[in-house]
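Contents: one structure, followed by commentary.
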Amino acid sequence: MDASSFSSTLLRIRASANSFLSQFEPLALVFAPLLALLIASLVQWFLSRVHERGLQSLVLGFCMSLIKLIPSVRLRIESEKQKVVEKLQFGIKSKRDGWLIELPKAGLGKAVVEKLRVEKGNDINWQGKCSGTVYIGGSETDGHFSLINEAYSMFAHTNPLHLDVFPSIVRFEGEVVAMTAALLGSNEKASGGQICGNMTSGGTESILLAVKSSRDYMRSKKGITKPEMIIPESAHSAYDKAAHYFKIKLWRVPVTKEFRADAKVMRRFINKNTILIVGSAPGFPHGIIDPIEELGALAKNFGICLHVDLCLGGFVLPFARKLGYPIPPFDFTVEGVTSISVDVHKYGLAPKGTSTVLYRNHDIRKHQFVAVSEWSGGLYVSPTIAGSRPGGLIAGAWAAMMSHGQEGYLENTKAIMQVSKRIQKGIKEIPELHIVGRPDMTIVAFGSNVLDIFEVNDMMSSKGWHLNALQKPNSIHICVTLQHVPVHEDFLRDLRESVKTVKENPGPISGGLAPIYGAAGKIPDRGLVQDLLVAFMDGTC
């Protein structure tokens, strides 16, 4: 087609378009594109919400919002919600009677120590009765308890923020980080030889820092300004907190039938804004290790970060592997792993709260720091969320690790892994119960298809046991510690008796929380469940 023919064609198209549009009002022609843009935006918003929450959840949430507009319904919901909150807080408010509301006029001096002993005597008898909670064996008055208490008190006044004044604490932190990293492959060629990190106040802070560092690292590397992260349903709630704090869109996706993270499902959610995917070794609910190698390959292929939550497993899995247990790869020897969180105050047997956050290299870790040079107080840089940190906790963690050594942790792991297997065997012998998934470590979750498992939990609570209630599916778990080694047969005996009692007399026991736990899993309006939790926490102090 020559130039004149092409020009003639354009003129005909123009004339035809003008003829067609001449039948419309000029104002309509101006607003039509704007209306189309508005409709397109609404459709895009609706589709994104459907993708994020699911059509059923979105419609249900909309209907619930409409229903709550009715004053009588809203008042009824608030009334029922308050009843649930009061039941959850049963006993808490009455215990607050007599609490101090201001400083005493005259100080107690050294007599305050006796006051502390009296108050401590009012705590429950937790020895061997709690899931997780206290990981050190023995009593609080001797053995390892005494050792870390002495270490803590020796350095209680110190603060690693003042590294020129307290170089000992700075050294202890560096050595705790290095020793922990060595357990997780830092000395292996596959790790890259740059593993670094810091101590934190607990697993939640470690996860928060890993997420924050990943966000800022990916922003510098790829220019991502609307970050998203993808986690399995079994991942810890600390990621929800991190997403809220750091303005990251969170995708919590389904797990496999074996309750492991599903790499194929996670892959479908990866897009140009994805900064991070997550795996656990093991996951808190069921003690199951996610397929870290698959997730590592996924992270590497898409050039994104992978955080592994080893808060529970960091001081068990390396030693369980040495003992011959079939532990799949989980640490920095897996290509694609960019950060790991490990709690020293769990199976590391350090004082509460001590944890570590580790990074594959300094390029990632440097995004954890916040440096300030434009204020009147001088130059300031802080490695973690906290500014001042208790040096006593760092010294206690160092003392715990040094006192046990590899042989001590190996011996502990042997004991708790054996007890974990015995508990699994005992639960399998109770016909009404079943194990959830195939636990890889020291957490044993169990449910029932014929009994209300939360009623069983209430019955166990009446016998002094404090277990963890779970959802998706409804179940309870025990996190085995050194405290359970001498009493695991007592646990199984009480569990058998509790199952028998519930089977013969089904129905909630007085003061039990089974109806609330059961209802929480069935309430379609998840926003209402969140409101209940916030109201409960708001009323505790």
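Go through segment 160-195 and give me each residue that's among the hydroxyl-bearing types (Ser, Thr, Tyr) and under 27 Å from the mean Cα position of the chain (by Cα).
THR180, SER186, SER191 - these are the residues of segment 160-195 that are among the hydroxyl-bearing types (Ser, Thr, Tyr) and under 27 Å from the mean Cα position of the chain (by Cα).
Just for segment 451-470: of the residues that are surrounded by fewer than 21 Cβ atoms within 10 Å (Cβ to Cβ) and among the charged types (D, E, K, R), which one is nearest to THR481 (Cα to Cα)?
Top of the filtered list is LYS463.
When the residues of segment 358-412 are narrowed to those that are modelled with pLDDT under 95 and among the aromatic types (Phe, Trp, Tyr), which ends up farthest from GLY336 (Cα to Cα)?
TRP375
Counting only residues that are closer than 23 Å to SER355 by Cα and of a type in the set (Asp, Glu), which one in segment 391-447 is farthest from the chain's Cα centre (by Cα)?
The qualifying residue farthest from the chain's Cα centre (by Cα) is GLU407.
Could you grab me the full set of residues in segment 146-190 that are free of Cβ contacts under 8 Å to residues at least 12 places away in the same chain, assigned to a helix (DSSP H, G or I) and within 24 Å of LEU358 (Cα to Cα)?
PRO167, VAL170, ARG171, GLY174, ALA178, ALA182, LYS189
Taking the condition of being part of a loop (DSSP other than H, G, I, E, B), closer than 18 Å to ASP309 by Cβ, free of Cβ contacts under 8 Å to residues at least 40 places away in the same chain and open to solvent by 20 Å² or more (accessible area, probe 1.4 Å), how many residues in segment 223-253 meet it? Break it down stepwise before answering.
Filtering segment 223-253 for residues part of a loop (DSSP other than H, G, I, E, B) gives 223-227, 233-237, 247-248.
Now narrow it down to the ones that are closer than 18 Å to ASP309 by Cβ: 233-237, 248.
Filter once more, so that each one left must be free of Cβ contacts under 8 Å to residues at least 40 places away in the same chain: 237, 248.
Those left that are additionally open to solvent by 20 Å² or more (accessible area, probe 1.4 Å): 237.
Result for segment 223-253: 1.
One line per residue, one yes/no per condition, for (1) buried (at least 24 other Cβ atoms within 10 Å of the Cβ); (2) among the polar types (S, T, N, Q); (3) touching a residue at least 24 places away in the same chain (Cβ under 8 Å):
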residue	(1), (2), (3)
VAL265	no, no, no
ALA297	no, no, yes
VAL308	yes, no, yes
GLY324	no, no, no
PRO351	no, no, yes
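Does SER220 satisfy the condition of being modelled with pLDDT under 95 and open to solvent by 40 Å² or more (accessible area, probe 1.4 Å)?
no
Report, by residue number, each residue of segment 425-450 that is open to solvent by less than 30 Å² (accessible area, probe 1.4 Å) and out of contact with any Gly (no Cβ under 9 Å at 6 or more places or on another chain).
Passing the criteria: GLY426, ILE427, ILE430, PHE446, GLY447, SER448.
Here are the criteria: (1) at pLDDT 80 or above; (2) open to solvent by less than 100 Å² (accessible area, probe 1.4 Å); (3) within 30 Å of THR200 (Cβ to Cβ). Tell me which single one TRP126 does not satisfy.
(1)
Out of MET266, MET199, report the one residue that is modelled with pLDDT of 95 or more and closer than 16 Å to ILE304 by Cβ.
The match here is MET266.
Does GLY193 fit the bill of being on the phi > 0 side of the Ramachandran plot and open to solvent by 50 Å² or more (accessible area, probe 1.4 Å)?
yes
Residue by residue through segment 75-120, note down the ones that are assigned to a helix (DSSP H, G or I), open to solvent by 60 Å² or more (accessible area, probe 1.4 Å) and at pLDDT below 80.
LEU75, ARG76, GLU78, GLU80, GLN82, LYS83, GLU86, LYS87, LYS93, SER94, LYS95
Can you tell me which condition PRO282 does not meet? The list is (1) touching a Gly at 6+ places or on another chain (Cβ under 7 Å); (2) open to solvent by 10 Å² or more (accessible area, probe 1.4 Å); (3) of a type outside the set (D, E, K, R); (4) touching a residue at least 60 places away in the same chain (Cβ under 8 Å), and all the others hold.
(2)
Exactly one of (1) in a helix (DSSP H, G or I); (2) open to solvent by less than 60 Å² (accessible area, probe 1.4 Å); (3) modelled with pLDDT under 65 is unmet by GLN483. Its number?
So the condition that GLN483 fails would be (3).
Can you confirm whether GLU205 is surrounded by fewer than 18 Cβ atoms within 10 Å (Cβ to Cβ) and over 16 Å from LEU306 (Cβ atoms)?
Judged against the criteria, GLU205 is not a match.
The values are calculated or read from the model by the stated rules, or taken from the named source; none is laboratory data. Everything quoted here is computed from the prediction, not taken from an experiment. Neighbour counts run over all protein chains shown; Cβ positions are idealised from the backbone, glycine included. Remember, those area values only see protein heavy atoms, side chains included, never the ligands or the DNA or RNA. Shrake-Rupley method; radii C 1.70, N 1.55, O 1.52, S 1.80 Å.
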